[in-house]
Amino acid sequence: AQSVTQLDSQVPVFEEAPVELRCNYSSSVSVYLFWYVQYPNQGLQLLLKYLSGSTLVKGINGFEAEFNKSQTSFHLRKPSVHISDTAEYFCAVSDMNSGYALNFGKGTSLLVTP
Amino acid sequence: EPEVTQTPSHQVTQMGQEVILRCVPISNHLYFYWYRQILGQKVEFLVSFYNNEISEKSEIFDDQFSVERPDGSNFTLKIRSTKLEDSAMYFCASSGQRDQPQHFGDGTRLSIL
């Protein structure tokens, strides 16, 4: 069975500080990995994806993530956050066994303060 | 940039009534999905749809639910006899290929009274 764990439900951080949002997964087959962001009262916006190839993937708004197969992780990072990055961040995984339906983590609420 | 659109943004319905949530996927996409997010909980997969039939469905997607692509642009989710626990945000998504990223709409907030 497949699962996704986001270890932190809330991450407070000061503006211009670096941030890492953690995501671990389990699957018996090869996976595709995604990070989505949800701003208040909005839908889910794709931040970045890992499908294959380079394990370091860059996304929108200065975010990047690294696929680590041995640690089954896909942590999201940004070197310097802005107030506008305050949002809910969801890690998601899909694989062929699930018909590529997305399995989401519970989300991490990133709160950036001045 | 093309986007997925959902209507209405908010739907209030009496328990036991039928409700239809509507979605217009991105025009050249072939795979369509519905997800829901109960307040304070994670986003959950409901169903995927391709070539006019259901590809995958979760345990949540029971006989109360149905999906349809009535024409070349719309994709609908029908809930036949709504229950209080159906109150949630419902998201539609589409993708060009089965293993490609899914693009989401802004959701329909369904409130059952």
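The values are calculated or read from the model by the stated rules, or taken from the named source; none is laboratory data. Because the structure is predicted, anything quoted here is derived from the model rather than measured. All Cβ positions, even for glycine, are placed from backbone atoms using ideal geometry, and neighbour counts span all protein chains on display. Accessible surface is based on the protein model in full, side chains and every heavy atom, while ligands, DNA and RNA are left aside. Shrake-Rupley method; radii C 1.70, N 1.55, O 1.52, S 1.80 Å.
Structure notes:
- Selection count where residues are loosely packed, with under 14 Cβ neighbours inside 10 Å and of a type in the set (Ser, Thr, Tyr), scope the stretch B:44-78: 1
- Of all the listed residues (A:Phe34, A:Phe14), the sole one being aromatic (Phe, Trp, Tyr), open to solvent by 20 Å² or more (accessible area, probe 1.4 Å) and modelled with pLDDT of 95 or more is A:Phe14.
- Answer residue from the stretch B:95-113, given it is away from chain A (no Cβ under 12 Å) and outside any loop (DSSP other than H, G, I, E, B) and is surrounded by the fewest Cβ atoms within 10 Å (Cβ to Cβ) among those: B:Ser111
- Conditions (1) in a strand (DSSP E or B); (2) within 10 Å of chain B (Cβ to nearest Cβ): number failed by A:Tyr89: (2)
- Number of positions in the stretch B:46-92 that are within 14 Å of another protein chain (Cβ to nearest Cβ), under 17 Å from B:Gly107 (Cβ atoms), part of a strand (DSSP E or B) and among the hydrophobic types (A, V, I, L, M, F, W, C): 7
- Subset of the stretch A:57-76 [surrounded by 12 or more Cβ atoms within 10 Å (Cβ to Cβ) and either among the aliphatic types (A, V, I, L, M) or touching a residue at least 24 places away in the same chain (Cβ under 8 Å) (or both)]: A:Val57, A:Gly59, A:Asn61, A:Phe63, A:Ala65, A:Phe67, A:Thr72, A:Ser73, A:Phe74, A:His75, A:Leu76
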